[in-house]
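What follows is a short report on a single structure.
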Amino acid sequence: MKKTVKSMVMTTALGTTLLAGFTLASAGSESTALKANKVTFFGTPTSSISSSVAVPHNFNRISYSGTVPPLLNKDGKTVYERYGDTETQAIGILKTFKADLEAKGLSMSDITYLRVYLTPDPNKGNKQDYQGWFNAYAKFFNTKENPVKTARSTVGVDSLVNSDWLIEIEAEVAYKPKK
């Protein structure tokens, strides 16, 4: 019995020491990245989003209010005809951001954070179409053209101001001031 307790104590101590070492090593590399003079994205390579983003104090920022999908057909008889499904609506919003950023001399790679609100889709069993949103996101982020993986929150909500809107997106942008 004494040998088992002693073995458990030693295993726990060794495990704790190893965990502390890994944590300190990880924190050390993140601490170095925080001192960099660039936006730094943190997270695992296999995730499509970042777990956090560090923006240096000398960067400018733009915050986009909740942006809603563009009208596709004002005479459409259904939500899908007027605005499209969740994926189509999300692509429309992301294209709006892209055009506005390009007009400012920026790009989608300057987006650091997205906050997304999804409402139930009547054609998807009155459930939020998270996959439709994820599909749209994958066309603009974590791609060959734009390797940025934003930090992101996706929240299911009951409704938005217009019952035809299935998605609304807020965005945060950080960019180095032009000299």
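The values are calculated or read from the model by the stated rules, or taken from the named source; none is laboratory data. Just so it is clear, the model here is predicted, and its values are computed rather than measured. When we count neighbours, we look across all protein chains shown, and the Cβ atoms used for this are built from the backbone with ideal geometry, even at glycine.
Listing for the model above:
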item	result
First in the stretch 40-53 and in contact (Cβ under 8 Å) with a residue 60 or more places away in the chain, second anywhere and outside any loop (DSSP other than H, G, I, E, B) and exposed (fewer than 13 other Cβ atoms within 10 Å of the Cβ), Cβ under 7 Å, 6 or more apart	Ser48/Ala138
Residue in the stretch 112-128 that is touching a Pro at 6+ places or on another chain (Cβ under 6 Å), surrounded by fewer than 16 Cβ atoms within 10 Å (Cβ to Cβ), farther than 21 Å from Val39 by Cα and not charged (D, E, K, R) present	yes
Selection count, the stretch 132-146, where residues are touching a residue at least 24 places away in the same chain (Cβ under 8 Å) and either out of contact with any helix residue (DSSP H, G or I) (no Cβ under 6 Å at 6 or more places or on another chain) or of a type in the set (Asp, Glu) (or both)	6
Boolean, Arg61 is at pLDDT 95 or above and more than 30 Å from Asp164 (Cα to Cα)	yes
